[in-house]
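The numbers here are math on the coordinates, done by the rules we state, and not lab data. Just so we're clear, the structure is a prediction, and the values are computed from it rather than from any experiment. FYI the Cβ positions are ideal-geometry reconstructions off the backbone, even for glycines, and counts take in every protein chain you see.
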Amino acid sequence: MAVVLPIPEYAENGPKELDAGSLFVLKSRGSWLHCGYHLTTAIVAPTLLSLPFAFTLLGWIGGMICLSMAALVTFYSYNLLSLVLEHHAMLGKRQLRFRDMARDILGPGWGRYFVGPLQLGLCYGLVVASTLLGGQSLKFIYLLSRPNGSMQLYQFIIMCGGLTLVMAQLPSFHSLRNINLVSLILCLIYCACTTVGSIHIGHSNKAPERDYSITGVGINRIFGIFNAISIIATTYGNGIIPEIQATIAPPTTGKMLKGLLLCYSVVISTFFSVAISGYWAFGNQAQPSVLQNFMLDRIPLLPKWFLMITYIFTFVQVSAVSLTYLQPTNVVLEKRFSDPKKGEFSIRNVVPRLISRSLSVIIATTLAAMLPFFGDIMALFGAFGCIPLDFILPMVFYNVTFKPSRKSIIFWGNTIIALVSTVLSLIGAVASVRQMVLDAKTYRLFANM
C-alpha cells in the first residue's frame, strides 16, 4: 500500500509540518479533471437561475454586457490566482489556503484579520443559503404532488440539513470528486430543462405579455442596476480557488488552467442559455428564481413530471454546492480539534471531527430555517465577500508577486479592475442594505416563504 507523504509548508527559516486542517482536508491527490469538477460545482450553482431577474434591472444590452464582462474578468482573475500559487509552489512554498496567500504576499495581519475571516464568513453564509435553497426546492416538489399540503418550509430545510450532515462526514475535499462530477452533470441537465421550459412557455398561449423595459424609476433604477451587477458578480463568485488548487497532486503547473477551461465551458453554456431564454420568455416579469415563473397562482405551466425532474436535480446539485463551500470551515475545525500526529481515522480524530462537523451543519440548518429571507443578507455578503476575493485580491496578489512594469498593460489593467471592483463593492453593499431595509417589514423568523 502506497504511503502519501504530506507536502510541507515553508516558513522563512525552513519547512514546517502541515496542521491537521491542511493535512486531512486539503489532500493533494487530484487531477486537473477533479479540479474542474470542484470549480464547476462552486460556480455553476442554482443561483444562476436569478440571472433573468438581473436582466430585468439591466435590459438586453446592459445584461449581456455585464454577463460577458463578468465571465471574462473572473476567468482572467482565477487564472491570475493560479499563476501566483504556481509561482510560490515552484519556489518551494506551496500555499494551500486563501489566508496563506494573503499572509505570505501582503503580511500576516491580512491573512489572520481580513482574508481569513472574510472567506470563512462568505463560505459559511453560502452553506446557509444552499441549505435554504435546498429546502425551498423540496417544498416545491411537495407542493407539486400536494398543492394543499400543510408542511412548512422549515421542515424541508431540516430534511436538507440532515442530508448535508451525513455527507459532511466525508473526510477531505478530494473525497467530493465523484459527487462533484455528478453535480456537473446535474447542473447541465436542470439548466437544459430550465431553458427548454422557458422557450416552451414563451411560445405557448400561456406566455405573459413581454415587456423588456427596465424596471424602476429614478433612484430605484440606479440602485437596481447595482443590485443586478452584484447578483451577476456573486453568481460567478468562487472564493475558494486556493483550496481547490490545493487538491491537485504536484506538480500543479498548467493543471488549474485546464480545470478552468472545463469549468467555463459549462459556465458559458448554462449561464447564457438560462439568462437569455428566461428573459426572452418572461421579460421584466422574471422572478428572482426563473423557476417561479413556471408556476402561475400555484398552477404549473409545464407538465408536472418535467417540473419534478427539474426541482429534484436542483435539490441534489445544491447539496453538492453546500458540501463544497463547507470545506474552509472543515479546515478550521480540523486544525482546532484534530491532532496531525495521529492517524486521520484514529478515534482521537474521528470523534472530534464527527461532533464539530455535525454542530457546524446543525447551526447552518438552524440559521436557514430561522432566516428564510437570508437571500437579502447573502446579497450583502456577496458585495463584501465575493467581489473582494474574486475581483480585487487576485489583481493585487499578481501585481505584488510579479511586480509588472508600471508602464505595462497588465499592471494598469489589474489596477483598473481592482479599483472599479472596489467602487462596485461599496455601492453594492449600500444597495443591499437599502433592500434589506425596504424588505424588513416582511421579515419573520421561521416564516413559511
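Hey, what did segment 76-215 get for relative contact order, percent, Cα under 8 Å, at least 6 apart? If you can, show how the numbers build up before the last one.
Numbers: 53 pairs, mean separation 14.6, N = 140.
Averaging sequence separation for qualifying contacts and normalising by length gives 10 percent for segment 76-215.
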(message) Given the options Leu359, Leu106, Asn227, identify the residue whose Cα lies farthest towards the positive end of the charge dipole of the chain (+1 on Cβ of Lys, Arg; -1 on Cβ of Asp, Glu).
(response) Leu359
(request) Output the DSSP H helices from the chain with an along-axis C-alpha extent of no less than 18 Å and a mean Kyte-Doolittle hydropathy no less than -1.0. (result) 51-90, 116-145, 153-167, 177-203, 219-236, 255-282, 304-325, 347-370, 409-439
(request) Have a look at Pro288, Cys35, Gln435 and report the one farthest towards the positive end of the charge dipole of the chain, computed about the Cα centre with Cβ charges (Lys/Arg +1, Asp/Glu -1). (result) Cys35
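How big is the convex hull of the Cα atoms of segment 202-317, per residue, in Å³?
149
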(request) Please find the FRET efficiency linking Ser265 to Ser346, where r is the Cβ-Cβ separation and R0 is fixed at 51 Å, and quote it to the nearest 0.05. (result) 0.75
(message) Is there a quick way to get the dipole size of segment 184-292? I mean about its Cα centre, with the Cβ of Lys and Arg at +1 and of Asp and Glu at -1; what is the value in debye to the nearest 20?
(response) 120
(message) For a quick check, take a GNM of the chain with Cα springs below 10 Å and name the residue from Leu424, Leu389, Leu302 with the largest mean-square fluctuation.
(response) Leu302
(message) Can you tell me how segment 332-411 classifies by the Cα gyration tensor, rounded, prolate or oblate, using a/c under 1.5 as the rounded cut?
(response) oblate
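Eigenvalues of the Cα gyration tensor times 5, then square-rooted: what semi-axes does that give for segment 20-140, in whole angstrom, largest first?
Working: eigenvalues 185, 79, 50 Å².
In descending order, the three semi-axes are 30, 20, 16 Å.
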(message) Could you work out [θ]222 nm for the chain from helices alone, using -39500 (n - 2.57) per DSSP H run of at least four and dividing by all its residues? Round to the nearest 500 deg cm²/dmol.
(response) -22000 deg cm²/dmol
(request) Quickly work out the Ala192-to-Asp211 label distance, labels modelled 7 Å from Cα along the C-beta direction, and quote it in nm with one decimal. (result) 3.6
(request) State the answer as a single residue: which of Leu186, Ile241, Leu138 lies farthest towards the positive end of the charge dipole of segment 133-250, with beta carbon charges of +1 for Lys and Arg and -1 for Asp and Glu, about the Cα centre. (result) Leu138
(request) Taking H placed 1.01 Å from N in the peptide plane, check which residues at least 5 places from Gly30 or on another chain put their amide H under 5 Å from its amide H. (result) Ile248, Ala249
(message) Give me the dipole magnitude in Debye, nearest 20, for the chain about the Cα centre, with unit charges on the beta carbon: positive for Lys and Arg, negative for Asp and Glu.
(response) 400
(message) Within the chain, which is the longest segment that contains none of the GluC sites (Glu not before Pro) sitting in a DSSP loop with at most 14 other Cβ atoms within 10 Å?
(response) 210-449
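Sequence gap at least 6, Cα distance under 8 Å: using those rules, report the relative contact order of the chain to the nearest whole percent. Before the final figure, lay out each step's value.
Values: 688 pairs, mean separation 149.7, N = 449.
Value for the chain: 33 percent.
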